[in-house]
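Only one structure is covered here, and it is reproduced in the block below.
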2 protein chains.
Amino acid sequence: MTIDGRLARGERTRTVVLDAAVALATEAGLHGLSLGQLADTLGVSKSGLFAHWRSKEALQLATVDRAVEQWQEWIIEPALHAPRGVRRIRALHEARIDFYAARVLPGGCFFANTEFEFNARPGPVRDRLVDAYGRWTLFLERLVHEAVALGELPADLDVPQLAYEIDALGISAVMRSRMLDPDTAYRQARQGLLNRLRALCPEPTLLTEGLS
Amino acid sequence: MTIDGRLARGERTRTVVLDAAVALATEAGLHGLSLGQLADTLGVSKSGLFAHWRSKEALQLATVDRAVEQWQEWIIEPALHAPRGVRRIRALHEARIDFYAARVLPGGCFFANTEFEFNARPGPVRDRLVDAYGRWTLFLERLVHEAVALGELPADLDVPQLAYEIDALGISAVMRSRMLDPDTAYRQARQGLLNRLRALCPEPTLLTEGLS
DNA sequence: AATAAGTACGACCGGTCGTTCTTTTTCGTC
DNA sequence: GACGAAAAAGAACGACCGGTCGTACTTATT
């Protein structure tokens, strides 16, 4: 089977466009994103975008999917290289903060920005954001549950509660890093998780000060 | 001294408009807020709004100020009725969650929404939001510091750290209450603070299960 | 009674929005 | 080298955007 170069070109274009859309959406919002602006940024025509997506909403949905892929690559996959348990939880949190600190996206966090933007905008886009957030929450809870199963966290731990608190530290990190002092925000987010895990984990040597 | 009826009428109108603007901004955003939409909602003409504010930006700034007033009335003042110390900290947190749970604003939280919206939009509006968030943070830290001074929290406590964590629980509460299950979100936000304060406070009777 | 100020209106401006249609260019396939 | 589908451009659309204009009504001052 040979690859059709024409389709390949389209696929390549789509990825480039969506990466730009994710970045732009963190600045202008996913609703606030305008096709003319996006086209200008990419140096293509507005109508050229419609060759790939029938409507703005279709592009918005594709943009959410692309952002999920990026999140997978930048935060989740690196964390999976750490051993299961509290070290993996910490690795995930650190990867997230590193992602914010590296300023990969000009507006901070795609999901934080868009979920607040769409929390009162019913429709398919919001539904997809809700879905992504739900899956992220489940993933976090699974990691915490694994740590409990390994005996690295108490057996009677309220797993969703700790997952909630970990995510809260992360959300606040990106918010405060953009509005107030970034370094302070990152430090507090890291310290918050460290404090929390150390108070719970019977084996504190798993949580050294530096990164693993 | 008599009250000028013209000025009184204008002041009344301004308050009505700004209350609507605060509410609308939680749905459409502070940038996404359109003057035509706001005018239609209020049943007035678009140009009538320009009689009170010279530009959209002027109205945005006034809207932020009005939102700060509302936050003062709904969250801060009620909390000040609780005795200083951990009980006041908890009262503040509870007032905030009650505010979210009562769905006073259709889009959740004015500040959460607008701060994420403007984190990459330089200008006077962002500056005012930054200022408001900075003052809120200082207020939170002052409350924590008071609890330390009263001996209700450890003398060596990292005050800004705890303030960060408290605010993080609140932010996440409004985010998750809109995207996922509201009751779970509120419960986790409340439980999070209770766990944290109980672990730190040498006098746990100050933190009964129910509200004061 | 005349004047001035504050409030509010409808009409309209140039510009941008998302979208559609038609046309041209690109490029792998036959 | 001709064919044809995918990609991209260009022009145009109705709607809405923030903003300005002149005007009219209300109310306080003189």
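Nothing charged except the Cβ atoms of Lys and Arg (+1) and of Asp and Glu (-1): what's the magnitude of the dipole of segment B:1-138 about its Cα centre? Round to the nearest 20 debye. The partial results should precede the final answer.
On the way: 18 positive and 16 negative charges, 33 e Å.
So the magnitude is around 160 debye.
Mind checking the angle between helix A:159-179 and chain A's longest principal axis? C-alpha axes, 0 to 90 degrees, to the nearest 10. So the inclination is approximately 60 degrees. Sequence-distant contacts, meaning Cα pairs under 8 Å at least 6 residues apart, place the relative contact order of segment A:1-129 at 31 percent. What separates the residue B:10 label point from its copies, with the point 7 Å along Cα to Cβ, is 6.0 nm, written shortest first.
Partners of residue A:46 within straight-line reach, counting lysines whose Cα lies under 18 Å from its Cα and excluding those fewer than 8 residues away in the same chain: A:56. GNM on chain A, C-alpha springs below 10 Å: top fluctuator among A:173, A:112, A:51? Sorting by GNM fluctuation, first place goes to A:51. For segment B:66-132, the residue among B:99, B:79, B:113 whose Cα projects farthest onto the positive side of the dipole built from Cβ charges is B:79. Across the identical copies, the 7 Å label point of residue B:199, projected outward along Cα→Cβ, sits 0.3 nm from its counterparts, in ascending order. Computed from backbone phi, the HN-Hα couplings of segment A:69-82 come to 4, 4, 4, 4, 5, 8, 10, 6, 4, x, 5, 6, 7, 7 Hz, rounded to whole numbers (Karplus: 6.51 cos²θ - 1.76 cosθ + 1.60, θ = phi - 60°; Gly and Pro given as x). Measuring max minus min along each principal axis, the C-alpha atoms of chain A give extents of 60, 49, 32 Å (largest first). Annotation for residue B:131 and residue A:208: the two label points, set 7 Å from Cα along the Cα-Cβ direction, are 4.7 nm apart. The helix-only estimate of mean residue ellipticity at 222 nm for chain B, built from DSSP H runs of length n ≥ 4 each weighted as -39500 (n - 2.57), is -22500 deg cm²/dmol after division by the residue total. Dipole size of the protein assembly as shown about its Cα centre, with +1 on Lys/Arg Cβ and -1 on Asp/Glu Cβ: approximately 940 debye, rounded to the nearest 20. Of the trypsin sites (Lys or Arg not before Pro) found in segment A:91-200, those that fall in a DSSP loop while having at most 15 other beta-carbon atoms within 10 Å are A:103. Relative contact order of segment B:93-212: 29 percent, from C-alpha pairs under 8 Å at least 6 residues apart in sequence. Relative to the longest principal axis of the Cα atoms of chain B, helix B:124-149 runs at roughly 20 degrees.
Take residue B:150, push a point 7 Å out from Cα through the beta-carbon direction, and compare it with the same point in every other copy: 4.1 nm, smallest first.
When chain B is modelled as a GNM with alpha-carbon springs shorter than 10 Å, which of B:122, B:106, B:160 fluctuates the most? Sorting by GNM fluctuation, first place goes to B:122. Near residue A:107: Cβ cut-off under 10 Å, other residues only, Lys/Arg at +1 and Asp/Glu at -1. The net charge is +1.
Read-outs throughout are calculated quantities, based only on the coordinates presented, and are distinct from any laboratory measurement. Owing to the predicted nature of the structure, the values given are computational and were not obtained by experimental measurement. Cβ coordinates were reconstructed from backbone atoms using ideal geometry, including for glycine residues, and neighbour counts include every protein chain displayed.
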